Amino acid sequence: MEGRVARAFTPMNLVRQTADGTELHILEDGGVELGYVAVDSTVNGRGCGGLRMLPDIDAEEICGLARAMTLKYGFLGLPQGGAKAGVRGDPEAPEPDRRALLERFAAGMSRLLRDELYIPYPDMGTCAADILAMLASLGIHPGRRAIRDHDSGHYTALSVAASAEAALRWLKMDAAKRTAAIEGFGNVGRSLAVLLAHAGHTVVAVSTRLGALYNPRGLDIQRLLRLSETMGSALVEGYAEADRIPVTQLPELQVDLLCPCARHHSLHAGNAARLQCRIIAPGANNPLTAEAEKILTDRGILCVPDFVSNSGGVLGGTMEFAGVPYGKLAALIRAGLGGATEALLEQSRRERASLRSVAERIARARFQKVKRRSEMPGLMGRALQGGLALYRRGLVPSPVMGMLSPFYFERLPIFIKRA
C-alpha cells in the first residue's frame, strides 16, 4: 500500500520491491532461501505481524499475508502497519534446533529488527518465548508486556462466528438448523467448532493435514477436542464414526457454511466451480485466490472477506494486551465484527458491488486516516502514545489500563454501522 526505498541490510538479505509496493526481504543462507520478511505498510516507521515457521512457505505467501495485515489493521482502525515474516523450518523440531534457526534468521534481518521496521509476534509454529529468545540473541529486550502469547486462535474464531452469523441473518437462514464444514482443526478451527456447535450448527466435517472426517449427521466436537489433545493431527485416524475423505474434498461438501481455517489459497480456480456452500467465512488469511472469489461471488456464494471475518485475532490480542477482561473483550469482538459484516453487506447491496471491493476500499481509507492521525498526533494523541509507552514498560498497572481502554476500543470505526 506504500512503497519504501529498498536497502540491503546484510550480504544475505536480498531486498526487492514488489509491483504493489511491498518491501520484501529474502534471507539466503548458502544459496538456499531461509526465510522472508514482507513490509507492506508502516505507521510511525513500523510494521507489525506474525513470524511463522513452516517447511513450505514462500515469498508470495508472506507478501500476501503482509498485505492482509494492512487491510486488517485498516479495517479495524488500529494504528499499526502491516508486515509478516516466515522461516522455512520444522515447527515440531527439537527446541534447540528451532531456536538456532530463528537466531540465524534474526542475524540476517538484524537491521529490520533493531530499527523496528518489522516488529514480530508469535504465529504458526512459533510462540512468544521463541520471539523473545530470537530478539535477545541480538541484544533486543522489548518491554515485558510487548510480546507474549495470547489466545489469538480463539479470538479469531469469535470474529469468524460473528461474521458467519451476520451472513446467516442476511440470507434469512436459521443458524440452529444449518450445517458447517471447517477446513483446519488447529487453534482457530477447534475454537470455531465449539462456538458453532454451541450456536446450534451441525458441524459435519473437519480436517487436519493428515485427512478429513465427514458425517452428515454431525461430529462429536468434544470427542474431537480430546483426540486432538492426545493425537494431534492424527485425530482423523482415531475417530471411527465418520467417513475418512481427502482434505481437498472437504470444501466441496454440500454444507451451508464453509470456514477455511488452514493455509492460503486452498480455494482456487480449480475447485471454485465445485463448491456447494452458501456462505464462506474464513478463519485463515488469504484462503481464496482472486479468481476463486470472483467465480464464487458470480455463483451467488456469499464470501466474507478474510481480513474482516478473521480480524478478531488482532483485535482480541490488542485488547488483551490492554488489560480488557475476557467477557468484555469477547462481547466487543462479537458486536464489532458482527455489526461490521452487516454494514458491509448493506453497503455492497446498495452499491451493487462485491463485498471484497467495498471492504478493501474502506480498509484502505481507514488505514490512511489512522496513519495520518498517528504520525501527526494532537495533544490527546501524544498523551495516549506516551501512556502506551509507559504501559509497555510495565510502569502502568494492567487493571488501570483495563478500566480505561474499552472507551478507546468502543470508538473504533467497526462499531459504527455505516462506513
Residues satisfying the stated conditions in the stretch 30-58, i.e. outside any strand (DSSP E or B), touching a Gly at 6+ places or on another chain (Cβ under 9 Å) and not charged (D, E, K, R): Ser41, Thr42, Asn44, Gly45, Pro55, Ile57
Residues that are within 30 Å of Pro397 (Cβ to Cβ) and surrounded by 20 or more Cβ atoms within 10 Å (Cβ to Cβ), drawn from the stretch 325-357: Leu329, Leu332, Ile333, Gly336, Leu337
Within the stretch 358-402, considering residues that are under 17 Å from Ile414 (Cβ atoms) and hydrophobic (A, V, I, L, M, F, W, C), the one surrounded by the most Cβ atoms within 10 Å (Cβ to Cβ): Phe367
Residue count, the stretch 102-118 (criterion: on the phi < 0 side of the Ramachandran plot and surrounded by fewer than 21 Cβ atoms within 10 Å (Cβ to Cβ)): 7
Residue match in the stretch 295-309 (condition: assigned to a helix (DSSP H, G or I), aromatic (Phe, Trp, Tyr) and surrounded by fewer than 20 Cβ atoms within 10 Å (Cβ to Cβ)): no
From Pro377, Pro325, residue being more than 14 Å from Tyr73 (Cα to Cα), touching a Leu at 6+ places or on another chain (Cβ under 9 Å), modelled with pLDDT under 95 and not charged (D, E, K, R): Pro377
Residue check for Leu388: over 24 Å from the mean Cα position of the chain (by Cα) and free of Cβ contacts under 8 Å to residues at least 40 places away in the same chain: no
The stretch 214-230 - residue that is over 17 Å from Ser191 (Cα atoms) and not polar (S, T, N, Q) and, of those, nearest to the chain's Cα centre (by Cα): Tyr214
The stretch 235-257, residues that are loosely packed, with under 13 Cβ neighbours inside 10 Å, in contact with a helix residue (DSSP H, G or I) (Cβ under 9 Å, 6 or more places away or on another chain) and under 14 Å from Arg209 (Cβ atoms): none
Per-region count, the stretch 207-246, residues within 21 Å of Arg263 (Cβ to Cβ), of a type outside the set (S, T, N, Q) and outside any helix (DSSP H, G or I): 9
Restricting the stretch 15-52 to residues that are buried (at least 21 other Cβ atoms within 10 Å of the Cβ) and more than 16 Å from Gly64 (Cα to Cα), the residue that is modelled with the highest pLDDT: Val43
Any pair with Cβ under 9 angstrom, 6 or more apart, that starts in the stretch 258-284 at a residue that is at positive phi and in contact (Cβ under 8 Å) with a residue 24 or more places away in the chain and ends at one that is surrounded by 22 or more Cβ atoms within 10 Å (Cβ to Cβ) and outside any loop (DSSP other than H, G, I, E, B): His265/Leu288; His265/Ala292
Among residues of the stretch 225-257, those that are among the acidic types (Asp, Glu), free of Cβ contacts under 8 Å to residues at least 60 places away in the same chain and closer than 29 Å to Met173 by Cβ, counted: 3
Single unsatisfied condition, Val324 versus (1) in a helix (DSSP H, G or I); (2) among the β-branched types (Val, Ile, Thr); (3) over 25 Å from Ala272 (Cβ atoms): (1)
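The values are calculated or read from the model by the stated rules, or taken from the named source; none is laboratory data. No experiment lies behind these values; they were computed from the predicted model shown. Neighbour counts are summed over all protein chains in view; Cβ atoms, including those assigned to glycine, are modelled from backbone coordinates with ideal geometry.
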